Amino acid sequence: MTSRRRFLTISAAAIACAGTSTAQPVYTWQGVALGARATLRLAHPDAKAISGRVAAEVLRLENIFSLYRADSALSRLNQTATLENPPFELLECLSLASMVHDKSAGRFDPTVQPLWDVYAQASALGNAPDEHDIDRAMTLTRWRDVALSPSQITMRHGMALTLNGIAQGYIADRVADLLQGEGLTDILIDTGEFRAVGGHPDGGAWPVKLNVGGSVPLKTRALATSAPLGTTFDQGGQLGHILDPRTGRPTLSNWREITVTAPFAALADAVSTAACICETRADIDALISYFNAVEVAAVT
């Protein structure tokens, strides 16, 4: 398996900033969110202090969502199949995931983590996954077996969740909430998925360049890109990381990348992932129609 994780390899876009004619130049902070490069762009005299608060918020959220921190809320849930008094943010993110699961006819399903493990472990040995292992993992891939309540999250033993298809966007949204709560605007947040609070300080939108060419103007909106073969489990680059929870196999879609925009980055993130499992452009359009204010920005 390639060493690049999904939210590194799809790197939805590079930013082509407009000229800096503002009195206050655009300040860029870079950090890490869930293993991916995170970037904050804003024009403000206290930009460094603001960035410090953003870094602290990202760290707090990593302690909830990270699969790679043994003491994170998500890791503890996966270890014991029960989490008492779950953080509000985890409940909110999982509730959104549940909605996307339902509206996408099961294409988006956070319970695919056991399937991911089967493919990752086989890849580490240079092998294809065993069919029996895939079948066993499929018995644990059932969103309906996850129960959410403010006091407890439960699932069947052996199940495990991954939020890699939604948590990057959710973190961007929480950072946006933090900054908007301070009365700030004209900011671009990039955690692997984009969230624009207002527009570019020079006026107009933030121009976001897509990897496959072209750009999307982003203003008071979010953008996410998913690529079925952004990360692969095989040397030939044919077994992609986006697994179809209905079959247990990597999606066989014809898409190189799918980019969607939405009011919130978590929603854009999840819908773009689900869209990769659609077989035709008509299927993508039908999927998008189930979500208010979600639009396809690019399909390649």
Answer with one residue from Ala70, Ala270, Asn211: the one whose Cα lies farthest towards the positive end of the charge dipole of the chain, charges on Cβ with Lys, Arg +1 and Asp, Glu -1. Asn211
GNM on the chain, C-alpha springs below 10 Å: top fluctuator among Ala286, Ala172, Ala97? Ala286
Under a 10 Å cutoff between Cα atoms, tell me which one of Gly230, Gly126, Gly248 has the largest fluctuation in the Gaussian network model of the chain. Gly126
Candidate aspartates and glutamates for bridging to Lys219, where Cα separation is under 18 Å - those fewer than 8 sequence places away on the same chain excluded: Asp173, Asp177, Asp186, Asp190, Glu193, Asp202, Asp269, Glu295
What residue among Thr162, Thr280, Thr259 shows peak mean-square fluctuation when the chain is described by a Gaussian network model with Cα springs under 10 Å? Thr280
In degrees from 0 to 90, rounded to the nearest 10, what is the angle of the helix 265-275 Cα long axis to the longest principal axis of the chain? 40 degrees
Loop chymotrypsin sites (Phe, Trp or Tyr not before Pro), the stretch 255-300, which have at most 16 other Cβ atoms in a 10 Å radius of their Cβ (DSSP): Tyr290
Would you compute, for the Cα atoms of the stretch 36-175, the largest minus smallest coordinate along each principal axis and list the three values in descending order, in whole Å? 59, 40, 31
Over the chain, with neighbouring protein chains present, the accessible area per residue in Å² at probe 1.4 Å is 42 Å²
Taking all protein chains in place and a 1.4 Å probe, what share, in percent, of the accessible surface of the stretch 237-297 do carbon and sulfur account for? 50 percent
Measuring from the longest principal axis of the C-alpha atoms of the chain, the long axis of helix 88-103 (C-alpha) lies at a number of degrees, nearest 10, equal to 70 degrees
Within 10 Å, at most 16 other Cβ atoms, and a DSSP state outside H, G, I, E, B define an exposed site. Report the longest part of the chain free of exposed GluC sites (Glu not before Pro). 1-181
Just the number, please: carbon plus sulfur as a percent of the accessible area of the stretch 72-160, 1.4 Å probe, no ligands or DNA/RNA counted. 51 percent
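The values are calculated or read from the model by the stated rules, or taken from the named source; none is laboratory data. What you see is a predicted model; the values in this text were computed from it and never measured. Glycine also receives a Cβ, built like all others from the backbone with ideal geometry; neighbour counts cover every protein chain displayed. Just so you know, the surface numbers come from the protein's heavy atoms only, side chains and all, with ligands and any DNA or RNA stripped out. Shrake-Rupley method; radii C 1.70, N 1.55, O 1.52, S 1.80 Å.
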